[in-house]
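The structure that follows is given in the form of structure tokens.
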Amino acid sequence: MVDKKTYHYCPYCGEKLVLKVVAQKKRGICSNCGFIDYVNAKPAVGALILNEKKKILLGKRAVEPGRGLWNIVGGFLEDREYPIEGLKREVKEETGLEVEPYKFFDFAVAYFDGLKQGWNYSLNILYFCRIISGKMLPADDVTALKYFSLDKLPRMAFEHEKKILTHLREYLQK
Ligand SMILES: [Zn+2]
């Protein structure tokens, strides 16, 4: 988190950002317009959809990072979108299912170092969701959908999701 820049160039005026100490930390500063790159997390949502055998629904990723590996259904919030609405939208886009998020489960912070995109970490909000309607069909950035036992997970795309699912397994055993 320290000495990191989300951007190499100012997203407003295009000036090269330089690292300077602002509010106790080195941050990317624009010497032209005064923009300060605080490197805030991007909010994301994930749906914990369990079947009657307590298996979890996962999606196989069609895109990088982690193409061909599995992850929890979900994604990034859109501009001014509330988490619950974003969750319903993402599940619908990736699975064709209408879900009702009914219980908060956990937060997770995920780092994506080495990407060229203008973000490097996310704050993930995990909710239990129940399926209301729809026919399950992988779409958008998912090529397959499958329920997995929490004791026998496939190769996961992201470290933070392994932790979430370990936490979930412990939680369900209580
Ligand atoms: Zn600028």
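Going by the conditions given, is Leu87 in contact with a Phe, Trp or Tyr (Cβ under 7 Å, 6 or more places away or on another chain), under 19 Å from Lys162 (Cα atoms) and in the same structural domain as Ile164 (by TED's automatic domain parsing)?
Taking the combined requirement at face value, the residue does not satisfy it.
Still on this structure, I have one more. Test Glu64 against the criterion of being among the charged types (D, E, K, R), more than 16 Å from the ligand (Cβ to nearest atom), at pLDDT below 95 and not in a strand (DSSP E or B), and give yes or no.
Here the answer is yes, as Glu64 does meet what is asked.
Filter the range 44-73 down to the residues that are in contact with a Phe, Trp or Tyr (Cβ under 9 Å, 6 or more places away or on another chain) and not hydrophobic (A, V, I, L, M, F, W, C) and list them by number.
Gly46, Asn51, Lys53, Lys55, Gly59, Lys60, Arg61, Pro65, Gly66, Asn71 - these are the residues of the range 44-73 that are in contact with a Phe, Trp or Tyr (Cβ under 9 Å, 6 or more places away or on another chain) and not hydrophobic (A, V, I, L, M, F, W, C).
Of the residues that make up the range 151-160, is at least one at pLDDT 95 or above and either in contact with an Asp or Glu (Cβ under 7 Å, 6 or more places away or on another chain) or not in a loop (DSSP other than H, G, I, E, B) (or both)?
yes
Further, regarding this structure: What's the number of the only condition in (1) within 13 Å of the ligand (Cβ to nearest atom); (2) outside any loop (DSSP other than H, G, I, E, B) that Ser31 fails to meet?
The single condition Ser31 does not satisfy is (2).
I'm checking my understanding of the structure. Among residues of the range 1-27 that are within 16 Å of the ligand (Cβ to nearest atom) and either of a type in the set (Asp, Glu) or in contact (Cβ under 8 Å) with a residue 24 or more places away in the chain (or both), which one is surrounded by the fewest Cβ atoms within 10 Å (Cβ to Cβ)?
Here the answer is Pro11.
Taking the conditions exactly as written (assigned to a loop (DSSP other than H, G, I, E, B), of a type in the set (Asp, Glu) and either in contact (Cβ under 8 Å) with a residue 60 or more places away in the chain or out of contact with any Lys or Arg (no Cβ under 6 Å at 6 or more places or on another chain) (or both)), does Glu81 satisfy them or not?
So Glu81 fits the description; yes.
The values are calculated or read from the model by the stated rules, or taken from the named source; none is laboratory data. Small disclaimer: the values here were computed from a predicted structure and weren't measured. Positions of Cβ are generated from backbone atoms using ideal geometry, with glycine treated the same way; all protein chains shown enter the neighbour counts.
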